Amino acid sequence: MISRNLRHLRLYLWVASTGSLTQSAEACHVSQPAVTQAIGKLENEAGGPLFDRTRQGFFVTPRGEVLANRVRRAFALLDPALSDISPRLRLTATTAQLQGLVAVHETENFTLAARRLGLAQPTVHRAISQLEQEAGRNLFERTAFGLIAGRATRTLVQAVMLAFRELDQLESDLAELDGGEAGRIVIGALPLSRSVLLPRTLVRFRQQRPHHAVLIMDGLYDELLGGLRRGEIDMIVGALRVPAPIGDIVQEPLFSDKLTVLAGNHHPLAGRDDVSLAELKECAWVVPRQGTPARDQFDAFFAGVGQPESIIEAGSILFMREVLDNSEHLGCISSAQARAEISKGLVTEVKVKADWQARQIGLTYRASWAPTKAQELLLSLLRESVEDETL
């Protein structure tokens, strides 16, 4: 595993760009033996030579190029945010200090941050104090409610998390060179993807990558989007937002989907094709939560007569099915999610006169994201799943 010694990684990039230990030592104001020692340690951690040593200089090996690419990306994210606070921080900030910064930002408390990191509270306090001393200003406002980060600090925290995620990706890149697997793919799953798209895709992925770790994170869209932008999540699969909520993400449509109305097989409206809007308004409903594209369409459907008075908000088809089976509720949900339930005879589609708009279902990921080989495979299989079978 590559240690996150920022000083060693910066030295490595100097050697990779200049091909010279001497020039790199002079540029970084360290001794040549210090550069040699740093490169040797990185080569041990990377599992092989990073340079071909010749009389003409040091030339990067394929393994070294993999390392250089990820490290350059990490510093391209990190350095501007450090410089915005203080140019000195690019030279002095350490991984331990930046990890402490992230933990304090997330917990707003030194004691809780130390507990999260498994360190003593004075150690975390000292790390923040050192950063603030180098920056020449406070990074957190001390209030009665906790430690509150300013704008520049929040920007730095996000940059740190994204830069560290690049170094996580590096472990997977290096493992690929040796025919192994490392790292973990983290997928933010919105309701439709959990019941339709992801299960069969992951079965195919597991056939080719039997040991690669995958984590499926359920959650609300805003929570998943925040995790995506911080680097905690690699991609979100589900309904796309129109317009895109922010400019640093990419939305890739995979297929279109419309809503449908469901009922239990025993429901009085089941099988009818002349259901009026007034009758639907008087029914009890299970519908997606407010703020989702599906709920916006549901609310617009009743805009002329007023909203139904009895509503349960839920996005799970399994939950909806049980409620519909044990009551006279109606459900409004994605057609793709409902298809399996309808085909198995578990629920009945209610024919309503609604001009449901098509919703784009697809992938959301960071605009700056550079997927690993395993992540590229999963993306390819997601796309193929849509092409192989009409959803």
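The values are calculated or read from the model by the stated rules, or taken from the named source; none is laboratory data. No experiment lies behind these values; they were computed from the predicted model shown. Reconstructed Cβ throughout: ideal geometry from the backbone, glycine too, with neighbour counts over all protein chains shown. Keep in mind that these areas ignore ligands, DNA and RNA; they rest on the heavy atoms of the full protein, side chains included. Shrake-Rupley method; radii C 1.70, N 1.55, O 1.52, S 1.80 Å.
Select from region 128-146 the residues that are more than 13 Å from G100 (Cα to Cα) and of a type outside the set (G, A, S) and list them in ascending order.
Passing the criteria: Q133, E134, R137, N138, E141, R142, T143, F145.
Could you run through region 225-284 and say how many residues are of a type in the set (F, W, Y) and within 20 Å of A374 (Cα to Cα)?
0
Out of R115, R72, R63, R53, which single residue is modelled with pLDDT under 95 and of a type outside the set (G, A, S)?
After applying the criteria, what remains is R53.
So that you can scan it fast, the table gives a plain yes or no per residue for (1) touching a helix residue (DSSP H, G or I) at 6+ places or on another chain (Cβ under 6 Å); (2) farther than 17 Å from N5 by Cβ:
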| site | (1), (2) |
| --- | --- |
| T92 | yes, no |
| Q99 | no, no |
| A103 | yes, yes |
| F110 | yes, yes |
| A113 | yes, yes |
| T123 | no, yes |
| A127 | yes, no |
| E132 | no, yes |
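Could you tell me which of the residues R4, R10 is of a type in the set (K, R), in contact with a Phe, Trp or Tyr (Cβ under 8 Å, 6 or more places away or on another chain), open to solvent by 30 Å² or more (accessible area, probe 1.4 Å) and part of a loop (DSSP other than H, G, I, E, B)?
That would be R4, the only listed residue that is of a type in the set (K, R), in contact with a Phe, Trp or Tyr (Cβ under 8 Å, 6 or more places away or on another chain), open to solvent by 30 Å² or more (accessible area, probe 1.4 Å) and part of a loop (DSSP other than H, G, I, E, B).
Condition check: aromatic (F, W, Y) and open to solvent by less than 30 Å² (accessible area, probe 1.4 Å). Does F302 satisfy that?
Judged against the criteria, F302 is a match.
Among the numbered conditions (1) of a type outside the set (A, V, I, L, M); (2) in a loop (DSSP other than H, G, I, E, B); (3) without any contact (Cβ under 8 Å) to a residue 40 or more places away in the chain; (4) open to solvent by 30 Å² or more (accessible area, probe 1.4 Å), tell me where P308 comes up short.
Unmet for P308, out of (1) of a type outside the set (A, V, I, L, M); (2) in a loop (DSSP other than H, G, I, E, B); (3) without any contact (Cβ under 8 Å) to a residue 40 or more places away in the chain; (4) open to solvent by 30 Å² or more (accessible area, probe 1.4 Å): (4).
Would you check which residues across region 182-191 are under 16 Å from H211 (Cα atoms) and buried (at least 18 other Cβ atoms within 10 Å of the Cβ) and list them?
Passing the criteria: A182, G183, I185, V186.
Step by step: first the residues of region 337-384, then only those that are among the hydroxyl-bearing types (S, T, Y) and over 33 Å from the mean Cα position of the chain (by Cα), then the one that is modelled with the lowest pLDDT. Which residue is that?
The selected residue is S343.
Suppose the filter is under 27 Å from Q307 (Cβ atoms), in a helix (DSSP H, G or I) and of a type in the set (D, E, K, R); does E328 pass it?
Answer is no for this residue.
Among the residues that make up region 351-366, is at least one of them in a strand (DSSP E or B) and aromatic (F, W, Y)?
Yes, because at least one residue in region 351-366 is in a strand (DSSP E or B) and aromatic (F, W, Y).
Look through region 204-257, keep the residues that are in a helix (DSSP H, G or I) and more than 21 Å from P293 (Cβ to Cβ), and return whichever of them is most open to solvent (accessible area, probe 1.4 Å).
Of everything passing the filter in region 204-257, Q207 is most open to solvent (accessible area, probe 1.4 Å).
Can you report the number of residues in region 28-66 which are open to solvent by less than 40 Å² (accessible area, probe 1.4 Å), part of a helix (DSSP H, G or I) and touching a helix residue (DSSP H, G or I) at 6+ places or on another chain (Cβ under 8 Å)?
Selection size over region 28-66: 10.
Can you report the number of residues in region 108-140 which are open to solvent by 30 Å² or more (accessible area, probe 1.4 Å) and either small (G, A, S) or within 22 Å of the chain's Cα centre (by Cα) (or both)?
Residues meeting the conditions: 6.
Output the number of the condition that A182 fails; it satisfies all remaining conditions of (1) farther than 21 Å from R4 by Cα; (2) among the small types (G, A, S); (3) assigned to a loop (DSSP other than H, G, I, E, B).
The number of the failed condition is (1).
Could you grab me the full set of residues in region 258-280 that are under 17 Å from S327 (Cβ atoms), not in a loop (DSSP other than H, G, I, E, B) and not aliphatic (A, V, I, L, M)?
Selection gives E279 alone.
Please pick out the residue among F302, F319 that is touching a residue at least 12 places away in the same chain (Cβ under 8 Å), within 25 Å of R241 (Cβ to Cβ) and more than 34 Å from the chain's Cα centre (by Cα).
F302
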